[in-house]
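*Asks:* After the structure tokens below, expect a handful of questions from me.
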């Protein structure tokens, strides 16, 4: 796993913070999802997941289902499947159509081998015990089933890291300020195959490189502001840094027409 301070790792996985602030509803998650509107090539992640489940019949469990993008797509496109959504946050599942339940990824409320497929999409980095969650995915999926995982690479959206440090530096009166908290650093795409390979015999990786070209500052500002639940971890006045980032973005877009963000993510399909 990528190096991460103990304090940051604890904050990224803190249950009270995740359920009471970061994911008490889908506002912040939706702000992060919204920037993909300007992505090229445009990847339809729920559609890519559905494609990988084309040969699956029976039950699919979406672990850490969030605001239900994959869950809703599967229920629409694959009515033959029985799709169960599970999430740690009551605030997330409350807005989703059932069946859904509140559950911990390391203690899934499912019998051994009771699912034909499981999803863990952009969520394992929030689990304190990642190997434990991988063991649970292995436990609940049938022998001939599969697990679909997604995550970001270590340098995903590096331009936002640079923007944050520039803005923070100007607020603090130094050359470059402290880094923003790296949510995905505990489970980057580079390390994911080895971690998943401890329980699964085959791990197939599909990388999804892309560029987001945003023509307006506000979606990027909203993306940065969506990290407010971790504001105390940034070692800089959060609101002042957001406002300085807005000004830097407006200046950049006025000069170049858009702000470009490099995306590095991937999907991993695991089989026993």
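*Asks:* Is it the case, given these coordinates, that residue 138 is touching a residue at least 40 places away in the same chain (Cβ under 8 Å), part of a strand (DSSP E or B) and surrounded by fewer than 23 Cβ atoms within 10 Å (Cβ to Cβ)?
*Replies:* No: the conditions fail for residue 138.
*Asks:* For residues in the range 68-89 being without any contact (Cβ under 8 Å) to a residue 60 or more places away in the chain and part of a loop (DSSP other than H, G, I, E, B), which is farthest from the chain's Cα centre (by Cα)? First the steps, then the outcome.
*Replies:* Start the filter on the range 68-89 by keeping residues that are without any contact (Cβ under 8 Å) to a residue 60 or more places away in the chain, which leaves 68-86.
Within this subset, residues satisfying the condition of being part of a loop (DSSP other than H, G, I, E, B) are 68, 78-81.
Working: 68: 13, 78: 23, 79: 26, 80: 27, 81: 24 Å.
Per the criteria, the residue is 80.
*Asks:* When the residues of the range 113-124 are filtered to those that are assigned to a strand (DSSP E or B) and touching a helix residue (DSSP H, G or I) at 6+ places or on another chain (Cβ under 8 Å), which remaining residue is farthest from residue 196 (Cα to Cα)? So that I can check it myself, show each step before the final result.
*Replies:* Applying the first criterion (assigned to a strand (DSSP E or B)) to the range 113-124 yields 115-121.
From what is left, the residues that are touching a helix residue (DSSP H, G or I) at 6+ places or on another chain (Cβ under 8 Å) are 115, 118-121.
On the way: 115: 18, 118: 13, 119: 13, 120: 12, 121: 13 Å.
So, considering only residues that are assigned to a strand (DSSP E or B) and touching a helix residue (DSSP H, G or I) at 6+ places or on another chain (Cβ under 8 Å), the one farthest from residue 196 (Cα to Cα) is 115.
*Asks:* While we're on this one: Considering each residue of the range 141-159, count those that are under 25 Å from residue 21 (Cβ atoms) and not in a strand (DSSP E or B), and give that number.
*Replies:* Total meeting the criteria: 2.
*Asks:* Consider the range 90-103. How many of its residues are surrounded by fewer than 18 Cβ atoms within 10 Å (Cβ to Cβ) and either without any contact (Cβ under 8 Å) to a residue 60 or more places away in the chain or outside any helix (DSSP H, G or I) (or both)?
*Replies:* Within the range 90-103, residues that are surrounded by fewer than 18 Cβ atoms within 10 Å (Cβ to Cβ) and either without any contact (Cβ under 8 Å) to a residue 60 or more places away in the chain or outside any helix (DSSP H, G or I) (or both) number 7.
*Asks:* For residue 110, work out the one condition from (1) assigned to a loop (DSSP other than H, G, I, E, B); (2) touching a strand residue (DSSP E or B) at 6+ places or on another chain (Cβ under 9 Å); (3) closer than 20 Å to residue 76 by Cβ it doesn't fulfil.
*Replies:* Among (1) assigned to a loop (DSSP other than H, G, I, E, B); (2) touching a strand residue (DSSP E or B) at 6+ places or on another chain (Cβ under 9 Å); (3) closer than 20 Å to residue 76 by Cβ, the lone unmet condition for residue 110 is (3).
*Asks:* Tell me, yes or no, whether the range 10-30 has at least one residue that is out of contact with any helix residue (DSSP H, G or I) (no Cβ under 8 Å at 6 or more places or on another chain), more than 19 Å from residue 127 (Cβ to Cβ) and surrounded by fewer than 17 Cβ atoms within 10 Å (Cβ to Cβ).
*Replies:* yes
*Asks:* Can you tell me which of 80, 62 is surrounded by fewer than 18 Cβ atoms within 10 Å (Cβ to Cβ) and more than 30 Å from residue 258 (Cβ to Cβ)?
*Replies:* Working: 62 fails: surrounded by fewer than 18 Cβ atoms within 10 Å (Cβ to Cβ).
Sole residue among the options that is surrounded by fewer than 18 Cβ atoms within 10 Å (Cβ to Cβ) and more than 30 Å from residue 258 (Cβ to Cβ): 80.
*Asks:* Checking residue 58 against (1) modelled with pLDDT of 95 or more; (2) in contact with a helix residue (DSSP H, G or I) (Cβ under 9 Å, 6 or more places away or on another chain); (3) over 20 Å from residue 205 (Cβ atoms): exactly one of these is not met. Which one?
*Replies:* (2)
*Asks:* If you don't mind, there's one more thing I want to ask. Hey, does the range 36-54 have a residue that's assigned to a strand (DSSP E or B) and either surrounded by fewer than 16 Cβ atoms within 10 Å (Cβ to Cβ) or in contact with a strand residue (DSSP E or B) (Cβ under 6 Å, 6 or more places away or on another chain) (or both)? Break it down into steps so the answer makes sense when it comes.
*Replies:* Keep residues of the range 36-54 that are assigned to a strand (DSSP E or B), which gives 39-40.
Next, only the ones that are either surrounded by fewer than 16 Cβ atoms within 10 Å (Cβ to Cβ) or in contact with a strand residue (DSSP E or B) (Cβ under 6 Å, 6 or more places away or on another chain) (or both) stay: 39-40.
Yes, some residue in the range 36-54 is assigned to a strand (DSSP E or B) and either surrounded by fewer than 16 Cβ atoms within 10 Å (Cβ to Cβ) or in contact with a strand residue (DSSP E or B) (Cβ under 6 Å, 6 or more places away or on another chain) (or both).
*Asks:* Scan the range 160-173 residue by residue and report those that are farther than 17 Å from residue 261 by Cα and not in a loop (DSSP other than H, G, I, E, B).
*Replies:* The initial filter retains those residues of the range 160-173 that are farther than 17 Å from residue 261 by Cα, namely 168-173.
Correct list: 168, 169, 170, 171, 172.
The values are calculated or read from the model by the stated rules, or taken from the named source; none is laboratory data. Here the structure is a predicted model, which is why all the values come from computation and not from measurement. When we count neighbours, we look across all protein chains shown, and the Cβ atoms used for this are built from the backbone with ideal geometry, even at glycine.
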